[in-house]
Amino acid sequence: MQSSSSGNERNRGKNPGDDKLFGTARMQTRLKSAVDDLSLLLSRGYPPRSSLALVGNRHRLNIRQQKAVQGMSAADSQVTQRTKCSLPLQALAGKEVNIDGFNVLILLESLLSGAYIFKGVDGFYRDLSSVHGSYKRVKQTSQAIEFVSEFHKQAGLEKIHWYFDKPVSNSGRLKQWIEETAQQQHFNWEVTLSYAPDKDIAASSAIAITSDAWVLDNVKQNFNLIGYAVSILNPASVFNPDS
């Protein structure tokens, strides 16, 4: 995909106020405690929604902070299962992977733009962006796809199968961009627009690349691409509840 020279491209970036919500030492301590509390409740089988509300009230967290805590938290059994299914980079040579398109692409855009991303207790990263029925290309989109291209080479993959939500506007245009990149670089890439990409990925025997909790809990093998990206790019805007 060719980089655009347009000056009106959006930037994924931080939201105004995010440094205050996530960047101070005092707030980070409060958020880490909230992640511990929520993970404990989930491990004991309490309902996720009511548990999050309880933890959010206890630690006086707003909706955005609660969303971050939710993304970082998981039950012990989930952490064990997701870790057990995770593969190292060297195990990917000659294999096919399924990429949860919007999940991975937006996370990479966030990472490349300096927006906050959050390391979960399961080792997977989440952000606070969402599609809301429409996807718009940002300044970091080309970089994100180029990163996947380099990952394809480094891992020695046989094939990448991208899955995107068909109802999301601009998914067709994004499909075309990715297919053009594959053609230019002679990659074996397939792009599918699906009404249920999560279920398609879960039903496949290929290695899943996603940070979506439901998908991770329903696939046999996964690779933590965003964790790999963090290890290479070493960004300053990563929130790690273990640090």
* Structure fact -> For Ala25, the lone unmet condition from (1) farther than 25 Å from Gln143 by Cβ; (2) at pLDDT 95 or above is (2)
* To do: Might you check whether a residue that is at pLDDT below 95, assigned to a helix (DSSP H, G or I) and within 17 Å of the chain's Cα centre (by Cα) occurs anywhere in region 113-121?
  => yes
* Mind checking which pairs have a first residue in region 214-233 that is over 15 Å from Asn98 (Cα atoms) and β-branched (Val, Ile, Thr) and a second that is surrounded by fewer than 17 Cβ atoms within 10 Å (Cβ to Cβ) and at pLDDT below 95, Cβ under 7 Å, 6 or more apart or different chains? -> Val230/Val238
* Just a yes or no: is a residue in region 132-143 without any contact (Cβ under 8 Å) to a residue 24 or more places away in the chain, part of a loop (DSSP other than H, G, I, E, B) and either surrounded by fewer than 16 Cβ atoms within 10 Å (Cβ to Cβ) or of a type outside the set (A, V, I, L, M) (or both)? -> yes
* To do: Go through region 201-240 and count every residue that is under 21 Å from Ser77 (Cα atoms) and part of a loop (DSSP other than H, G, I, E, B).
  => 11
* **Output for region 27-50, where each listed residue is within 23 Å of the chain's Cα centre (by Cα) and small (Gly, Ala, Ser)** => Ser33, Ala34, Ser39, Ser43
* To do: For region 187-206, indicate whether the set of residues that are surrounded by 15 or more Cβ atoms within 10 Å (Cβ to Cβ), hydroxyl-bearing (Ser, Thr, Tyr), in contact (Cβ under 8 Å) with a residue 60 or more places away in the chain and out of contact with any strand residue (DSSP E or B) (no Cβ under 6 Å at 6 or more places or on another chain) is non-empty.
  => no
* Of Val97, Val79, which residue is surrounded by 15 or more Cβ atoms within 10 Å (Cβ to Cβ), more than 30 Å from Arg137 (Cα to Cα) and of a type in the set (Val, Ile, Thr)? -> Val79
* Restricting attention to region 16-36, which residues are without any contact (Cβ under 8 Å) to a residue 40 or more places away in the chain and basic (Lys, Arg)? -> Lys20, Arg26, Arg30
* **Pair list, Cβ < 7 Å and 6+ apart or interchain, from region 151-165 residues that are free of Cβ contacts under 8 Å to residues at least 24 places away in the same chain to residues that are buried (at least 20 other Cβ atoms within 10 Å of the Cβ) and assigned to a loop (DSSP other than H, G, I, E, B)** => none
* (1) more than 18 Å from the chain's Cα centre (by Cα); (2) in contact (Cβ under 8 Å) with a residue 40 or more places away in the chain: which one isn't true of Arg58, the others all being true? -> (2)
* Selection count where residues are crowded, with 18+ Cβ neighbours inside 10 Å, in contact with a Lys or Arg (Cβ under 9 Å, 6 or more places away or on another chain) and in a helix (DSSP H, G or I), scope region 153-176 -> 2
* To do: From (1) in a helix (DSSP H, G or I); (2) in contact with a Leu (Cβ under 9 Å, 6 or more places away or on another chain); (3) buried (at least 21 other Cβ atoms within 10 Å of the Cβ), pick out the condition that doesn't hold for Ile106.
  => (2)
* Filter region 144-170 down to residues that are of a type outside the set (Lys, Arg) and closer than 17 Å to Ile207 by Cβ, then give me how many there are. => 12
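The values are calculated or read from the model by the stated rules, or taken from the named source; none is laboratory data. Just so we're clear, the structure is a prediction, and the values are computed from it rather than from any experiment. Cβ atoms come from the backbone with ideal geometry, glycine included; neighbour counts cover every protein chain shown.
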